[in-house]
Amino acid sequence: MRFLGNIEAKTDAKGRAFLPAVFRKVLQAGGEERLVMRKDVFQPCLVLYPESVWNTQMDELRRRLNRWNRQQQQVFRQFVSEVELLTLDGNGRFLIPKRYQRMAEIEQDIKFVGMGDTIEIWSNAQSEATKMAADDFGNALEALMATDNPGDTDKKQEEE
């Protein structure tokens, strides 16, 4: 599953939003019927996980944490307890509960951002405030991509 794009939308008076058609098509193609919503760990946005992606995340987190370590158990509890299971209605809408709207500072204007295997929901104001300056983004991407990775090692060996 690959969610790509940046789509502006609005919530209605009840806090419902239409999941953009391009994202609904990706969900349908993947055989997904439900989504899991949680506030992002680092940013003031909400994250929608297709249920299978969420389950993979849960399994990975559980594998990394020790059930008999108090702090790790608290981390797991907090991560999994702050979620909302969503099913789209017949029109492709879902409800963003009030507490999630407050967490992400969502009023009415929102932005859906495809993040590969997840979808972020931002308030329009917050989405712009958290972006890096163009030069900073270019420098960070250059530094990240300049580090050796397994693909680069294979290419270097072929050249020698």
Helix axis angle, 70-81 relative to the chain longest principal axis, alpha carbon, degrees: 50
Using label points projected 7 Å from each Cα along Cα→Cβ, tell me how many nm separate Ala146 and Asp109, to one decimal. 3.8
So what does log10 I(q)/I(0) come out to for segment 26-160 at q = 0.16, 0.22 Å⁻¹, using the Debye formula with one equal point on every Cα and no solvent? -1.02, -1.28
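Treating only the Cβ atoms of Lys and Arg (+1) and Asp and Glu (-1) as charged, compute the dipole magnitude of the chain about its Cα centre; round to the nearest 20 debye.
Details: 23 positive and 26 negative charges, 242 e Å.
Computed charge dipole of the chain: roughly 1160 debye.
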With the charge dipole of the chain built from beta-carbon charges (+1 for Lys and Arg, -1 for Asp and Glu) about the Cα centre, the Cα from Ile96, Cys45, Gly114 projecting farthest to the positive end belongs to Ile96
Taking the Cα atoms only, what angle lies between the long axis of helix 134-146 and the longest principal axis of the chain, rounded to 10 degrees? 50
Shape descriptor, segment 1-97: equivalent ellipsoid semi-axes (Cα gyration tensor, sqrt 5λ, whole Å, largest first) stand at 28, 16, 11
Relative to the longest principal axis of the chain, what angle (0 to 90°, nearest 10) does the C-alpha long axis of helix 150-159 take? 30
What does the charge dipole of segment 23-116 about its Cα centre add up to, to the nearest 20 debye, if the Cβ of each Lys and Arg holds +1 and the Cβ of each Asp and Glu holds -1? 360
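Values quoted throughout were computed directly from the atomic coordinates according to the rules given, and no laboratory measurement underlies them. Quantities reported herein were computed from a predicted structural model and do not represent experimental measurements. Backbone-built Cβ (ideal geometry, glycine too); neighbour counts: all protein chains shown.
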